[in-house]
1. Under the classification rounded if a/c is under 1.5, otherwise prolate if a/b is larger than b/c and oblate if not, where does region 11-52 fall, given a ≥ b ≥ c as square roots of the Cα gyration tensor eigenvalues?
2. Leaving out ligands and nucleic acids, note down the accessible area per residue over the chain with a 1.4 angstrom probe, in whole Å².
3. Angle, helix 171-189 long axis vs. longest principal axis of the chain, Cα atoms, 0 to 90°, nearest 10?
4. Starting from the amide H of ALA106, placed 1.01 Å from N in the peptide plane, find each other amide H under 5 Å away whose residue is 5 or more places distant or on another chain.
5. For region 1-67 and region 102-159, what is the separation of their Cα centres, given in Å?
6. Collect residues whose amide H, placed 1.01 Å from N in the peptide plane, falls under 5 Å from the amide H of ALA53; neighbours closer than 5 in sequence don't count.
7. Rounded, prolate or oblate: which one fits the chain, using the alpha carbon gyration tensor with axes a ≥ b ≥ c (rounded when a/c is under 1.5, else prolate when a/b beats b/c, else oblate)?
8. Can you give the extra length, in nm with one decimal, that the chain gains between CYS60 and ALA26 once fully stretched, where that is 0.36 nm per residue apart less the Cα-Cα distance?
Amino acid sequence: INLMGSPGSGKTAILEATARHFAGRAPIAAIAGDLETERDADRLRAAGIPARAITTGNACHLDAAMVHHALHHESLHGARVLFVENVGNLVCPAVYDLGQAFNAVALAVTEGEDKPLKYPVMFRKADVVLVTKVDLLPYLDLSLDALTDALGRVMPAPTVLPVSAKTGEGLERWLAWLDARRHEMAPATAAGVPDHHHHDGGHHHD
């Protein structure tokens, strides 16, 4: 699952809350991309998620080759659900295919109602949008209905889930969405992330 969103949209916090749900249910792992530092990966590891960091330097997105390389690390082997926390950006990550099964976008209520209209490609390719930090709504001049309407204007079949990682509000719908997708994909992912020792002689794959 490719999780995208702006810097500060709550991507890491959502994954921390998600980890608590999956504890003891299904092995999960994560790849965290950022320009510098391993802070997000450190947070995910502290939450119990085996995680690898990809520092991209000047690149404003992850690509399939970076993810492919990270998958060979032994800490990710055996995962049944893999999250890729993409670089914080509403532009570049939207146009790069990482080999993901699903795209999720975190959009914080603090970002305003117009972001879907200003960055339509990101939301057009999303399977689900998590409207995060809804616990802050009482303090903001923002209409959740207007934000949902903007998402409906750019998403072919909008699935919009208002959530708060801080209070837990709405997380049950996000977790139910994940469980449904996991069961859909179960026949294809029964083996989990492959062990790199089974890689055929180091040849590159398309």
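1. prolate
2. I get 50 Å² per residue for this part.
3. The two axes meet at around 30 degrees.
4. The list, which skips near neighbours in sequence, is MET4, GLY5, LEU130.
5. Centre-to-centre (Cα) distance: 21 Å.
6. So ALA53 has HN proximity to ALA32.
7. In terms of gyration-tensor shape, prolate.
8. Going from the current span to full extension adds 9.1 nm.
The values are calculated or read from the model by the stated rules, or taken from the named source; none is laboratory data. Remember, it's a predicted structure, so these values are computed and weren't measured experimentally. Each accessible area value is taken on the protein alone, full model and side chains, heavy atoms only, with ligands, DNA and RNA left out. Shrake-Rupley method; radii C 1.70, N 1.55, O 1.52, S 1.80 Å.
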